[in-house]
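Encoded as structure tokens, the structure appears first; notes follow it.
The values are calculated or read from the model by the stated rules, or taken from the named source; none is laboratory data. Everything numeric here is computed off the predicted structure, so don't read it as measured data. All Cβ positions, glycine included, derive from the backbone under ideal geometry; neighbour counts span all protein chains shown. SASA here: full protein model, heavy atoms, side chains in, ligands and nucleic acids out. Shrake-Rupley method; radii C 1.70, N 1.55, O 1.52, S 1.80 Å.
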Amino acid sequence: MFIYRLVFLAPLILMFSLAKARHPFDIFHWNWKDFQECLQVNNITIGEYEKYARLETLDYLLNEKVDWRYKCNIKCQLERDSTKWLNAEGKMDLDLMNTTIEASKSITKCMEKASEEPCAYSFRLVMCAFKAGHPVMDSE
């Protein structure tokens, strides 16, 4: 009887694990060491980050009313990520980001309102890219 339950439940569990919701931080190719160092440099605990990065906080993130520590953490992660989005001057590089034409237009327009402050700029770039549907996720 137990085996029959597993046979029935396993496909459901697999289906739910593959159907993940999109989140702005899905762009990062996590390297645990870099991730931890970025948290440490910005005085953020794992627990604080998990609370902040939940899907329930998406509206909060998109409004960009986020503590500077978190914005600087995103900048740190962008700088360390294997997929580069920032050029040597710390500004967005749509070629490096490998954006579509539509996403490029949307991101460029959104970034017109970006602060020159590096942490706020990086955070806004991630939010603008998310709003533009960039990058296209494999599951979509």
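Surface exposure of region 32-132, expressed per residue as accessible area with a 1.4 Å probe, stands at 58 Å². In order along region 68-79, phi translates into HN-Hα couplings of 4, 4, 6, 5, 5, 5, 5, 4, 4, 5, 4, 5 Hz, rounded to whole numbers, per the Karplus curve 6.51 cos²θ - 1.76 cosθ + 1.60 with θ = phi - 60° and x for Gly and Pro.
Shown in residue order for region 105-116 are the 3J(HN,Hα) couplings computed by the Karplus curve 6.51 cos²θ - 1.76 cosθ + 1.60 at θ = phi - 60°: 4, 5, 5, 4, 5, 4, 6, 4, 9, 6, 6, 7 Hz (x for Gly and Pro). Simple spin-label estimate for Asn31 and Ala53 gives 1.6 nm between the two label positions (7 Å along the Cα-to-Cβ direction from each Cα). Each Lys or Arg adds one and each Asp or Glu takes one away; over the other residues whose Cβ falls under 14 Å from the Cβ of Lys91, this sums to -4.
Here the accessible area is traced with a 1.4 Å probe on the protein chains. For region 43-140, carbon and sulfur cover 52 percent of it. Converting phi to 3J(HN,Hα) with the Karplus coefficients 6.51, -1.76 and 1.60 and the offset θ = phi - 60°, region 36-52 yields 5, 5, 5, 4, 5, 4, 9, 6, 10, 7, 4, x, 5, 5, 4, 5, 6 Hz in sequence order, with x at every glycine or proline. The residues packed around Cys110, meaning those with a beta-carbon under 15 Å from its beta-carbon, carry a net charge of +3 if Lys and Arg are +1 and Asp and Glu are -1. As an equivalent ellipsoid, region 80-140 spans semi-axes of 18, 14, 10 angstrom, where each value is the square root of five times an eigenvalue of the C-alpha gyration tensor, largest first. With the simple spin-label model, which puts each label point 7 Å out from Cα in the Cβ direction, the Glu64 to Ala88 separation comes to 2.7 nm.
Using a Cα-Cα cut-off of under 23 Å, which lysines could be cross-linked to Lys33, ignoring same-chain neighbours fewer than 8 residues away? Partners found: Lys51, Lys71, Lys75, Lys84.
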